[in-house]
Amino acid sequence: MKPIYKVLLIIFAAFLLIIFAAYQFIAGNYNIMVAKDLAIKTAWAQVENNYQRRADLIPSLVETIKGSAKFEQETLKQVMEARANATSMKIDPSNITPEQLAKFQAAQNQAGGAISRLLAVAENYPQLKTTEAFQGLMNELAGTENRISFARKTFNESVQDYNLAIKTFPRNIVAGFFGFQEKAFFQADPGTNKPVVPNFN
């Protein structure tokens, strides 16, 4: 084989090796970011499911408390409006912006406040607090609040992992090329140290 052909063959082999390495780098990093993005979507689904579970408890709470307590109609109206507002808030997990998440969080906080107002009324009725139905709802609500807290934590961890991945060199080059955008976190709510479910013991 002539020397020129050997040189050309070496150049061609090197070119193929570079192309293969570039493909492996791009494909590998792209797949990693897709997997992390999917983890966010999965975590977000759990956040929504648990907030929906809490919203579904509100009508039962209203009916249980209403049987023993005197409500103003305006209070009931506000509670159900807060629930409706919270359940109507939907976010596409593929494009979570800080503004969208802030609105979602505000709506859920409003629903949490509505539950707190219901339970504040219940505190004035000792006979209600001892009923099996009320105690059952309190247990469900407490469990749901714990699941919400855990789901939010898992979501924030997934977002942190994803954001770190797309901002780290050299993966940020691939992220920018394919349009992977930074996603928003849940922010700590004012008074998060105060649970929605009071201690009736």
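The values are calculated or read from the model by the stated rules, or taken from the named source; none is laboratory data. A quick note: this is a predicted structure, and the numbers were derived from the prediction, not measured. Because the Cβ atoms are built from the backbone with ideal geometry, glycine has one as well, and the counts that use them run over all protein chains shown.
Of all residues in the stretch 7-48, those that are within 30 Å of ALA122 (Cβ to Cβ) and in contact (Cβ under 8 Å) with a residue 60 or more places away in the chain total 2.
Evaluation of ILE91 against the conditions (1) surrounded by 15 or more Cβ atoms within 10 Å (Cβ to Cβ); (2) assigned to a helix (DSSP H, G or I) shows that the sole unmet condition is (2). Within the stretch 108-144, being over 21 Å from LYS70 (Cα atoms), in contact with a helix residue (DSSP H, G or I) (Cβ under 7 Å, 6 or more places away or on another chain) and surrounded by fewer than 20 Cβ atoms within 10 Å (Cβ to Cβ) holds for GLN110, GLU140. Can you find even one residue in the stretch 63-73 that is acidic (Asp, Glu) and in contact (Cβ under 8 Å) with a residue 12 or more places away in the chain? Checked against the condition, which is being acidic (Asp, Glu) and in contact (Cβ under 8 Å) with a residue 12 or more places away in the chain, the stretch 63-73 yields no hits at all.
Among the candidates SER88, SER94, the residue that is under 25 Å from GLN187 (Cα atoms), hydroxyl-bearing (Ser, Thr, Tyr), under 19 Å from the mean Cα position of the chain (by Cα) and at pLDDT below 90 is uniquely SER94. Here ARG152 meets each of (1) assigned to a helix (DSSP H, G or I); (2) without any contact (Cβ under 8 Å) to a residue 60 or more places away in the chain with one exception, condition (2). Checked against (1) surrounded by fewer than 17 Cβ atoms within 10 Å (Cβ to Cβ); (2) in contact with a Pro (Cβ under 9 Å, 6 or more places away or on another chain); (3) modelled with pLDDT of 90 or more, ARG83 passes all but condition (1).
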